[in-house]
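Take a look at the structure below.
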Amino acid sequence: MKPSSRYLIHLCFLWVFATSFAQSESNEWTRFRGTDGRGLDTKWSAPVSWDSSDYRWDIALQGEGNASPVVWGNTIFVTSCDEEKGSGFLFAIDGQDGAILWQKEFFVTDLALHVDNKLATATPLVDESQVYVIWYSKEKTELTALSHEGIIQWQSEFEGIESRHGGGSSLMLTGTNVVFTREQEQEHSSLKSSWLAVDIHTGETVWELERESPENNSFATPLLLESPEGGSQLIFGSQSHGITIVDPENGKILLERKEMMPARVVASPFYAGGKLIFCCKGEAIAIEFDPETGKLADTVSYTLPRSLSPYVPTPIVVGELLFLYMDSGMVACVRLDNGKLLWKERPAGAIYGSPICVGENLYCITKEGEVSVIGADSTYQFKGIYKLGDGSFSTPVMCNSAMVFRTFSRLTLLGND
């Protein structure tokens, strides 16, 4: 018996509805700490406790890396490197079963590195049609755009970097431009420092802002703020220029406060509750900023001491609370409005990765590869520690209804079933 036309129409409607729903529910994690850099996931939930049987898949990656993954739809993109061979790798991985859909190899020349840094430290960037990856080296800086299917769309080369600790600032998207930094160290390089914007369609330089080379180059990823009125600002933190606010379309400096960052900047700036939060080695500040008018307060709202100031991990804000993960593994919770300390505890070991918040809980990976879970609350709520079996300097990401952990040489997906 042939199905009726009404039945076929009904099936087609269900398929279109299911497809549209799946697309609307897709959880893109496009750059370091998510699309807006805040590290918050409000769509999905994640387990508070689990064991190895809850991992849907766990795969080995060729080489090692510190870069966090990025996600579009059901595809996870992540980089790694083989430093002895001078090879960098970009992988596309199926989020459902962990199958490697494709991988590309890049030749990466010599680069002086901190003992904990790697050639694959900068987190890639992904949008609806392309994935972008950057490789820093002494000889050159190479930026590549590939389709989601792994076909190279363009490659652009820029001067390299020379610093004691290498490179690591991640990519970010501003409209139709990819933005990245290329900072030198004044005593270790004759090359110029600059911040650049590159057209996503052609790989051509849209603007390049030459910068003073600092004593210690920055590793922070810049922040894009877009106001409801349509204006936008691109915000950088660096030792040589402090706080810099730039027009993302043309690279024009809108505002600069050079005295604000007296030391190396590794943690990335972010915005919450009317305040910009910046960290440099030994100090964290909160300063009021209005994205609609572009007005930055003349003085900081408060400064946090070294004991409450992360160096490498980027802090996170949940509601009215600011959580600061120190490199030592100590975690502090302060009020965002005034910096008042509410609690300070050590849930786990030393940290280089940054925390994210899923639901009402904070997740962070220690250097030893242990995931700590604590409540995002004004009182300390320890939920658990779970071993991944490999070290990690990376930050967790969300892939639709699952959490992805990147260790030095592995990628693991934890379901929320």
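Please treat every number below as a calculation from the coordinates, not as lab data. None of the values given here were measured: they were computed from a predicted structure. No Cβ is skipped: glycine too gets one built from the backbone with ideal geometry, and neighbour counts run over all protein chains shown.
Using a Gaussian network model on the chain with a 10 Å cutoff between Cα atoms, which of GLY273, GLY242, GLY160 fluctuates the most?
GLY273
Write out the trypsin sites (Lys or Arg not before Pro) in segment 187-252 meeting two conditions: DSSP loop, and at most 14 other Cβ atoms within 10 Å of their Cβ. Walk me through the intermediate numbers first.
Details: sites: LYS192, ARG211, LYS252; in loops: LYS192, LYS252.
Within segment 187-252, the qualifying trypsin sites (Lys or Arg not before Pro) (loop, at most 14 other Cβ atoms within 10 Å) are LYS192, LYS252.
Can you compute 3J(HN,Hα) from phi for each residue in segment 297-311, using the Karplus curve 6.51 cos²θ - 1.76 cosθ + 1.60 with θ = phi - 60°, rounded to whole Hz and x for Gly and Pro?
In residue order, the calculated couplings are 4, 6, 10, 6, 5, 6, 10, 9, x, 3, 5, 10, 10, x, 9 Hz.
Counting other Cβ atoms within 10 Å, which GluC sites (Glu not before Pro) in segment 56-125 have at most 14 and lie in a DSSP loop?
When the GluC sites (Glu not before Pro) of segment 56-125 are filtered for loop state and at most 14 Cβ neighbours within 10 Å, GLU84 remain.
Taking the Cα centre of segment 307-412 as the origin and placing charges on Cβ (Lys, Arg +1; Asp, Glu -1), which of LEU324, PHE393, GLY359 is farthest toward the positive end of the dipole?
PHE393
What order do you get for 33-42, 334-343, 231-240 when each peptide is scored by the mean count of other beta carbon atoms within 10 Å, highest first?
Going from most to least packed, we get 231-240, 33-42, 334-343.
Which is farthest toward the positive dipole end of the chain among GLY273, ASN250, GLY160, measuring Cα position about the Cα centre, with Cβ charges +1 (Lys, Arg) and -1 (Asp, Glu)?
Value computed over the given set: GLY273.
Within segment 123-196, report the GluC sites (Glu not before Pro) that DSSP leaves as loop and that have at most 16 other Cβ atoms within 10 Å.
GLU128, GLU139, GLU149, GLU187
With the cut-off at 23 Å, tell me which of the pairs LYS192/LYS258; LYS281/LYS367; LYS258/LYS367; LYS118/LYS140; LYS138/LYS281; LYS85/LYS138 have Cα atoms farther apart than that.
LYS258/LYS367; LYS138/LYS281
Using the Cα centre of the chain as the reference point, and only Cβ charges (+1 on K/R, -1 on D/E), how large is the resulting charge dipole? Debye, rounded to the nearest 20.
The dipole magnitude comes to about 820 debye.
Using just the helices of the chain, give the 222 nm mean residue ellipticity in deg cm²/dmol: DSSP H runs with n ≥ 4 each add -39,500 (n - 2.57), and the total is spread over all residues, rounded to 500.
That calculation yields -1500 deg cm²/dmol at 222 nm.
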